[in-house]
Amino acid sequence: MLLTDKVCLITGAASQRGIGRATARLFAEFGAKVVILDLDAGQAEAAARDIGPGHLGLACDVTDKAACLAAAREVVSRLGRIDVLVNNAGITQPLKIMEIEPANYDAVTDVNLRGTLYMSQAVIPQMRAQAAGAIVCMSSVSAQRGGGIFGGPHYSAAKGGVLGLTKAMARELGPDGVRVNAVTPGLIQTDITGGKLTDELKVEIAKGIPLGRLGVADDVAKACLFLACDLSAYTTGAVIDVNGGMLIH
């Protein structure tokens, strides 16, 4: 199978209806040993049990560099290697530009951008030692089109930063055999958007999407699978849009 015996870390993957959990399930189906990282150890462990035996759940605050390093060390100690990292952890806030206070900016950029940096830094030494690895970073269509979905301008800025960081890491880590790519989801029906999407709003939004529907978490998980496995062995520094044609550029 595509990920047989590969050790795959996914951040922010405890949420039942989130992209991270869908990615964890799909990776497990394709043979991976999945490590779910989330803020709450109990929820991470429960999510790991939910996808089947042999998977691991650990507590990790991606905004805390020491916590990221500790999680990576524990994974290597228990499973021997790290083959894939999916930087999925993220938060959003539906604020207008003049509503963004320092605490809002710090919260959104810390999780989305700083967390992507810290968790990547934590796994890179092991991937370099193996001369192989794949990092998938979660950006957003909001970074490409200047918001206009649910997140505020600070969310667009943070996710734009993720795109720049992805490409810079890809350039630097390519000689080490480590590939780094990004996924830019459009409007995906998850726990984050679930409470805001009425049936009427879904119909209205779908009118502007060429494929005629809103996305689901599995749509994004499949793109992550491609970037995590050897089907994308010659792909690095790339950005894969998963938006049903909402943004064609």
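Summary table
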item: For segment 100-109, Karplus couplings with θ = phi - 60° (6.51, -1.76, 1.60), whole Hz, Gly/Pro x; result: 7, 9, x, 5, 5, 4, 4, 4, 6, 6
item: Long-range amide H partners of Val242 with built H, under 5 Å; result: Thr184, Gly186
item: Angle in degrees between helix 65-79 and the longest Cα principal axis of the chain, rounded to the nearest 10; result: 50
item: Alpha-carbon centroid distance for the pair segment 32-48 / segment 214-238, whole angstrom; result: 21
item: Relative packing of 236-247, 136-147, which averages over residues the other C-beta atoms within 10 Å, highest first; result: 136-147, 236-247
item: With Cα atoms, 0 to 90° folded angle of helix 115-130 axis to the chain main axis; result: 30
item: ³J(HN,Hα) computed for each position of segment 159-173 - Karplus, 6.51 cos²θ - 1.76 cosθ + 1.60, integer Hz, glycine/proline x; result: 6, x, x, 4, 5, x, 5, 4, 5, 5, 5, 4, 5, 6, 8
item: Of Lys202/Lys222; Lys96/Lys207; Lys65/Lys96; Lys33/Lys65; Lys33/Lys96, those spanning more than 32 Å from alpha-carbon to alpha-carbon; result: Lys33/Lys96
item: Segment 7-239 pair-distance distribution - Cα-Cα, 5 Å bins, rounded %; result: 1, 7, 15, 19, 21, 17, 11, 6, 2, 1, 0
item: Top positive-direction residue, dipole computed over the chain with Cβ charges, set Leu79, Gly115, Gly152; result: Leu79
item: Difference of contour (0.36 nm per residue) and Cα-Cα distance, Ala103 to His249; result: 49.2 nm
item: Additional length obtainable on full extension of the chain from Leu231 to Ala206, 0.36 nm per residue less Cα span; result: 5.9 nm
item: Nitroxide proxy distance, nm - points 7 Å out along Cα→Cβ at Glu172 and Thr4; result: 3.5
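Bear in mind that the values in this text are calculations on the coordinates, not laboratory data. Computed from a predicted structure; not experimentally measured. Glycine gets a Cβ as well: all are built from the backbone with ideal geometry, and neighbour counts include every protein chain shown.
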